[in-house]
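Below is one structure, written out as structure tokens; comments come after it.
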Amino acid sequence: MTDEKSDTTSPPAWPTVLDAVVVHASGAVCHRLARGTLPPEPAPDRTADAACPDPTTDAACPDPTTGAASPAARQLRLTGLPSTLLPGSLRAALPDGPVGWRITEVRQEAEARLTEPAQLPELRKWLTEAEQAEAALLLRRGQLTARITQTAELRAAAPRRRATDVHRRAPAEAVLALADFVDERLTILHAQAEELDERLRQATRERELLADRLARASTAEPEGPVGTSTVVLLTLTPDDAAQPLPTEALAAEPITIALDYRVPDARWVPTYQLNHRQGGVDGTLLLRAAIAQRTGEDWTNVRIALSTADLHRPAELPKLRSIRIGRRQPTPAPSGWREPPSGLGELFTDYDSVQRPPTPTPASAMAPAHRRAAAPAAPMAYGAAPTAPAAPTAPAPPPAPGGAAPRLMHANLASPSGPPPAPPAPVEPQSPRPAPDLLDYARLTLAGPTAPAAQRGRLRPAAAQRGPGGYALAPALPPHAVPPRISAGSFDQRYDAEARTDLPSDGAWHTVGLGELPVTLRPEYVCVPAVDPTVYATLLLANACDRALLAGPLEVTVDDAFLLTTALPTLAPGATRRIGLGVAQSLRVTRRTETQESTAGLRGSTTVLTEQVHVELANRLAHPVSVEVRERIPVTGDREIKIEERPGTPPWVALTEPSQIHPPGTRLWRVELAPGGRVALSAGYEIRIPAGKALTGGNRRS
């Protein structure tokens, strides 16, 4: 009767379905939906007569916390939520009504989840079987080790001789027979041990492989027959409790409940793929995202949105301390922090006194005593028997009485003519200062007995969580990837996927397409023949959309053939950046210079250095190209040293504003080359150095 009553009075369970996820720079916000019809109005409880003022009426008892009666309130139990849900982040809403009802309570609870052994993942079953097989082999190896030890200790013991006994001949044949038996038996046992070790190595390797596969698998699967699940108890109350809506109307029309909550262990980085044709000016930029999540639930058929906002942005205000004139005072310790208590290490004395199980000895070490007597001493492993203590070394000789050695040293260092140096001022002991991460009390955890001795029983920042196989939950970033919080700058961006997608909770990177963006391309070739006689292919990429493009890896495809993967910098709307595509083998460049030195002025007091530069370009491609040739002339900071440019063929362009790419003195040629065409470029400059500014041994010309 008790079970039936608890079943009838418990709130109905509504399953929830994950509908949308917004992945932020760190963490994600999940949106779940639950649909169903409200349960009928609960019957009045006649068993609580002492609490009800009038048990003969059908009115419900007042709420003991608020004192207000709520006879028409409905309570629901929403299931399917992950256990990694962050406390305090749960929100509920009624997006489609019904009108006149509101949510008055949302409570998160944990309950036990029982899983039948047949419903456990196959990897979990295989790992359990592999662990059991390895444990059985370890047990057999321990038994075999004991047999080898017992057999090796067999010795022929002579009976105790009495004074009245006559001398007897030693039984040499029996001793030799026993030695032959022991040797034969040990040979058989060692052969069995080698075979058992090989089987144990294979079992250990299989267990490690299964553990690695399980660590990389989805965390949405149950880890064992007993687990923990998260449920939400939700209470719906009508606005007018005295006049609730008819039960028939509620039962006929289903309602929708929306849940929003935050989960950690989710991150994303942008990636791109650029498709264009050789020599074309248009291209398509595919905007993609690499998403990794280990939230404990698989995202199946969900709408994905990506945001650069940070859910855990610190909001602490800076403190401006007063400036006081006077003697320096020690900085007061921050409030709420104090030294650890004394005697903290004694709490773990009993834990350390428990003897740990010894590590099994491999077969190579299962040699009898008479075989390993001459073997060199090996380092002692954890749990092994202690070896004989080494002979104590002679202690260091004590210092001379009265500190003669220090006085002698000071006597040698002191000056014979001056007074002895004054002793240093005493240093005031400073109180220990906690590290900044120790002041974030919400993220501190208490170290247990398995931690190092210096950390046990102390508060420390929570380390990054790791999976069963010891793998960090946050995977390494792909090449050229930049976290969105770093590349977004001061403005946050949001990108929505065009289609629903599936993402398992395995912690690995998965690529999701977000859409296509039109971009304007202008292929251009750049060479700096004074530094490297090589022509490099580049693309001038202009962001023609109304959203910023974050920094990330860019896969370049030319004529449907993969070319390379490079790094794309952050592009604001309307911005243009140059993307390098590597060396252009079909473009050749040669450079030669002519230098002449002469004198000018009265009595030849001015040195004139004339530099002539000749550059030749050749295009072996089947389409016309645009090449930018970069040269540089010397720059002087002295007014008496003059630099005069000579007219070029064709004339080069001087930049008005230098930049990081174009330093002062940069000159540019922009040349259009037809297929198979050649062009010759020439220009020069003169440097006039007065005699008073000339350097002995040569003048700097660049």
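Just so you know, all these numbers are worked out from the coordinates, no wet-lab data involved. Remember, predicted model here, so these are calculated numbers, not experimental data. We place every Cβ from the backbone using ideal geometry, glycine too, and count neighbours over all the protein chains shown.
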Practice problem: Report the charge-dipole magnitude of region 587-693 in Debye, nearest 20, computed about the Cα centre from +1 at each Lys and Arg Cβ and -1 at each Asp and Glu Cβ. | Solution: 180 debye
Quiz prompt | Percentage relative contact order, region 587-693, counting C-alpha pairs under 8 Å, at least six apart | solution = 38 percent
Quiz item: Got a sec? Charge dipole of region 587-693, +1 on Cβ for Lys and Arg, -1 for Asp and Glu; which of Ile643, Gln660, Ala618 is way out at the positive end?
Solution: Ala618
Self-check item: Signed unit charges on C-beta, dipole axis of region 104-248, positive-most listed residue Gln119, Leu233, Ala215
Solution: Ala215
Quiz item: Over the Cα atoms of region 587-693, how large are the radius of gyration and the largest Cα-Cα distance (Dmax), in Å?
Solution: 16.8, 58
Exercise. Provide the per-residue ³J(HN,Hα) series for region 149-164, in order, calculated from phi with Karplus coefficients 6.51, -1.76, 1.60 and θ = phi - 60°, each as a whole number of Hz, with x at glycine and proline positions.
Key: 5, 5, 5, 5, 8, 5, 9, 7, 9, 6, x, 5, 8, 8, 5, 8
